[in-house]
Amino acid sequence: MSESNLARTARAMVAPGKGIFATDMRPIDLTRGRWGETAELQTDENVFDFQEMFCRTPGLGEHLSSLIVFPEILDRTARDGTPLTELIADQGLMLGITPTTGFQLLGGSQYEYVPRGLEGLAKRLGSWRERGVSFVKWRVAARVMPGLPTERAMVSNARSVAELAALAQQFDLVPIVEPEVEMQGEHPIERQFEVTEWFLHRTFEALYEHGVAPEEMVLKTNMVVSGSDCPDQADAATVAAETLRCLRRVVPPAVPGIGFLSGGLSDIDATANLDAMNRLGTQPWVLSFSYGRAIGRAAAEAWDGKTDGSRGQTALAHRARMCGLASLGQWSNELEDAGRVAPASTG
Ligand code: 13P
């Protein structure tokens, strides 16, 4: 049987040396803690300029296959009136949407959430497809705390992402299935491993029950790392080995690729961990990136407010290139340092 269009698109999203830039977060969230409450990046006008800036970054398509955006981007134009979707297409990038409209507490729980936004989504998916959108992303998250996560939250979230994935494929869109075990917490890497394995199991069970074709999706998930406040931090070699050991237990080889999230890791850690994994030899799936902060933060910090010819673009291009090299196991600290762009002065 010949390969379906969706399977081809999924493979192109994780083409060798390329990954995904998840821009579906507010620029202020990229630089949280640096800009403070009166941040430049909080005004609408600056957010629009920032978006135009990254869409215009020269050569963005060399190391990125696609961008994940909020639906509003589809109707946004640059200062000269060019639709941002046109700038993105001109870079050879595919476009994906995050349709989630928020999160709500799981009934009866104080700490665990499920995403909102599935209601009425079918109509929107159809119209996005007509406008050239290639994929949609759905994030479900698990928090690690004493007694958490619960089996009920795991199952509810797995069903939510499976429902979205089935619907997406029905509308000829590739789903990015994103179960994230958050790294925030004091837990050791062993606990992160255990919860990641558990969440992925529940997710792939639900995907199977919903009839989702694994060849026609991309998995976006966390690396198996130590909790951010754990005194004993695993190094890149350990993270790489444990992440692969975990994924091999659960992720079907039919899935073409895994685009990791950076989840609050530093740019260097996110890149070094991915590089270390790709130095461990060929795996059943392409190991790539779908980073938000580990690509966008440097750009937001270096940004000088210009929509073109900006320091933000230099920083973004550099981070995209470093992540592209890591996805081939060809990254180094020396290359990283050689192209680093210093943060702009905040005055
Ligand atoms: P991070 O890489 O910053 O975790 O972001 C991933 C993402 O999906 C943002 O929506």
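Just so it is clear, none of the values below were taken in a lab; they were calculated from the coordinates. Note that the structure is predicted; figures quoted are calculated from it, not measured. Glycine also receives a Cβ, built like all others from the backbone with ideal geometry; neighbour counts cover every protein chain displayed.
Here are the numbers:
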| quantity | calculated |
| --- | --- |
| Tensor-based shape of segment 203-287 (alpha-carbon gyration tensor, a/c under 1.5 rounded, otherwise prolate or oblate) | prolate |
| Inter-centroid distance (Cα atoms) of segment 136-198 relative to segment 210-225, Å | 10 Å |
| Value of relative contact order over segment 1-150, rounded to a whole percent, pairs C-alpha under 8 Å and six or more apart | 19 percent |
| Sum of side-chain charges, Ala168 neighbourhood, beta-carbon under 10 Å (Lys, Arg +1; Asp, Glu -1) | -1 |
| Counted charge near Ala141, where neighbours are those whose Cβ lies closer than 11 Å (Asp, Glu -1; Lys, Arg +1) | -2 |
| Neighbourhood charge, 13 Å Cβ-Cβ cut-off, centred on Arg11 and excluding it, Lys, Arg +1 and Asp, Glu -1 | -1 |
| Contour excess over end-to-end distance, with Cα ends at Tyr208 and Ala122 and 0.36 nm allotted per residue | 28.9 nm |
| Mean shadow area of the chain over all directions, Cα convex hull, nm² | 17.3 nm² |
| Calculated over segment 140-231: convex hull of Cα atoms, volume per residue (Å³) | 74 Å³ |
| Segment 49-73 versus segment 281-347: alpha-carbon centroid distance in Å | 13 Å |
| Volume per residue of the C-alpha convex hull in segment 217-260, rounded to whole Å³ | 73 Å³ |
| Those GluC sites (Glu not before Pro) in segment 55-163 that DSSP places in a loop and that have at most 16 other beta carbons within 10 Å | Glu119 |
